[in-house]
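Working notes, beginning with the structure itself.
Read the figures in this text as sums done on the coordinates, not as results from a lab. What you see is a predicted model; the values in this text were computed from it and never measured. Using ideal geometry, Cβ is built from the backbone for each residue, glycine included, and neighbour counts are taken over all protein chains shown.
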Amino acid sequence: MVLDQIAGARPTGVERVSLDEALGRVLAQDVHAERDAPPLDRSMRDGYAVRAADLPGPLRIAGEVAAGQRFAGTVGPGEAVEIMTGAPVPDGADAVVMLEHCETASGLVTCRKPAQPGQNISKRGVDSLAGDLLLSAGARIRPQEIALLASNGLANVEVFQRPSVAIIATGDELVGLQDAPSPHQIRNSNTPALAAQVKRAGGEPVALPAARDTVEATLELVLEGLEADLLLLSGGVSAGKHDVVEEALRRAGASFHFDRVLIQPGQPLVFGHARGKPFFGLPGNPASTFVCFEVFARAALDALSGCAPGELALTWARLARPFSHKPGLTRFLPARVNQAGSLEPVRWSGSGDIPALTRANCFLVAMPEQPEYQAGDWIQVLSL
């Protein structure tokens, strides 16, 4: 539903950035191959360029060629040219034999293994041909895309502008990071945590002050937050007497697409539009806020960033030990994939347990219809 409702969203604009600034941005242009890659036949190994039919030799060593050079002559019958990885294959040669399979003496080389034509040669254009579409607009730029852009001479690229994301934490119990909380108060950790998640997802966070638990105070901040491309609120969306976020949103003209999801943590999640802008009312407990952003809000942020629609980063792992949960809800629970590749549930005391989140590197996804899992069972994992 999030993807359907956000489908018509468009990034606010396009800008041109240097390759040094492009990591994590979203391409606003198609990228085509500048030339064939590789631009000529090149060696994949250190060894000798030969005519396969001449093996095992002995063959006269007619010279050598390194990467960045070209061999001026032609490999004739009974000849070989010493060649380094990445070097152009000399004319006349149709194979490269690895250095480890050769013996040399008195200017001659003998090969202990036969070769087939084309062996250890990366043919011209095998990676891409000039004009091929390499990247489409909407691709997120990772380090590997940086390499591709650089190899095609793009020192600057067009990217979509980052969407702005307003963040409002709600609750009378919240105090600032520099304040000393009384026993009945807590510091506002959701705003900086959400800001970090937004940054990691490619948005520009706009942290607004925490809202007090009144409709009027919350509405004032909601109206300010709706100036951004996306509004995130945390807390105030349950059924309690002082949970006023939905009423404030109604007064701002909101339409609600849903206000509950059958997951834990995160059941009282709200999603809708107000004044043409999408918003999420995230549950206030830190784990609930974290999970609901990753599972739902991040998809909206991707769309607003210009990304092609993607899927959740779900994979599979085997449980290292038995695990059980109460059926009825899909549960996203902190877990850790160990060095052996097995999944270890992380001990936690509930959705307010921030230390448990720091011990996790993923969330296990327990299905509502399966209350019991045994050691060795496969279970879905939400990767972070």
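A compact table of results
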{"quantity": "Formal net charge of residues neighbouring SER342 (Cβ-Cβ distance under 13 Å; K, R +1; D, E -1)", "calculated": "+1"}
{"quantity": "Within-12-Å neighbourhood charge of GLN29 [Cβ basis; K, R +1; D, E -1]", "calculated": "-1"}
{"quantity": "VAL75 long-range amide H proximity, modeled H, under 5 Å", "calculated": "ASP91, GLY92, ALA93"}
{"quantity": "Fraction of beta bridges assigned by DSSP in the stretch 42-122 that are antiparallel (%, nearest 5)", "calculated": "75"}
{"quantity": "Residue-span extension gain [ARG60 to ASP179] - 0.36 nm each, minus C-alpha spacing", "calculated": "34.7 nm"}
{"quantity": "Fluctuation leader among ILE186, ILE146, ILE61 - the chain, Gaussian network, Cα springs under 10 angstrom", "calculated": "ILE61"}
{"quantity": "Lys, Arg +1 and Asp, Glu -1 on Cβ, resulting dipole of the stretch 164-305 about Cα centre, debye, nearest 20", "calculated": "260"}
{"quantity": "Calculated FRET value between LEU262 and LEU223, using beta carbons and R₀ = 45 Å, to 0.05", "calculated": "0.90"}
{"quantity": "For GLY118, net neighbour charge (Lys/Arg +1, Asp/Glu -1) across residues whose Cβ lies under 10 Å away", "calculated": "-1"}
{"quantity": "Burial ordering of TRP378, TRP348, fewest other beta-carbon atoms within 10 Å first", "calculated": "TRP378, TRP348"}
{"quantity": "Under Karplus coefficients 6.51, -1.76 and 1.60, residue-wise ³J(HN,Hα) of the stretch 33-44 in Hz, glycine/proline x", "calculated": "5, 5, 7, 4, 10, x, x, 7, 5, 9, 7, 9"}
{"quantity": "Other-chain or far-sequence residues with amide H under 5 Å of GLY63's (modelled H)", "calculated": "GLU82"}
{"quantity": "Structure-derived Rg/Rh (Cα atoms, Kirkwood Rh) - corresponding label in (1) 1.17; (2) 0.95; (3) 0.99", "calculated": "(1)"}
{"quantity": "Charge dipole of the stretch 42-122 about the Cα centre (unit charges at C-beta), most positive-ward option of ILE61, ALA87, PRO77", "calculated": "ALA87"}
{"quantity": "For the stretch 143-153, 3J(HN,Hα) per residue [Karplus equation, 6.51 cos²θ - 1.76 cosθ + 1.60, θ = phi - 60°, Hz, x = Gly/Pro]", "calculated": "x, 5, 5, 4, 4, 5, 5, 5, 5, 9, x"}
{"quantity": "Order of LEU129, LEU223, LEU194, LEU134 - criterion: other Cβ atoms within 10 Å of each residue's Cβ, fewest first", "calculated": "LEU129, LEU223, LEU134, LEU194"}
{"quantity": "Residue order, fewest to most surrounding Cβ atoms within 10 angstrom, among CYS111, CYS307", "calculated": "CYS307, CYS111"}
{"quantity": "For the chain, calculated [θ]222 nm from helices alone, where every DSSP H run of n ≥ 4 adds -39500 (n - 2.57)", "calculated": "-4500 deg cm²/dmol"}
{"quantity": "Phi-based couplings in Hz for the stretch 219-229 (Karplus 6.51, -1.76, 1.60; Gly and Pro marked x)", "calculated": "4, 4, 6, 4, 4, 5, x, 6, 6, 7, 6"}
{"quantity": "Difference of contour (0.36 nm per residue) and Cα-Cα distance, ARG275 to THR104", "calculated": "53.7 nm"}
{"quantity": "Packing-based ranking, highest mean first, of 66-77, 31-42 given that Cβ atoms within 10 Å are counted", "calculated": "31-42, 66-77"}
{"quantity": "Positive-end residue of GLY352, GLN374, ALA308, charge dipole of the stretch 255-374 with Cβ unit charges", "calculated": "GLY352"}
{"quantity": "Amide H partners (placed H, <5 Å) of VAL206, local residues excluded", "calculated": "VAL165, ALA166, ILE167"}
{"quantity": "Evaluated at q = 0.17 Å⁻¹: base-10 log I(q)/I(0), Debye formula over Cα of the stretch 123-230", "calculated": "-0.87"}
{"quantity": "Förster radius 25 Å - calculated FRET efficiency between VAL17 and ALA67 (Cβ-Cβ, nearest 0.05)", "calculated": "0.20"}
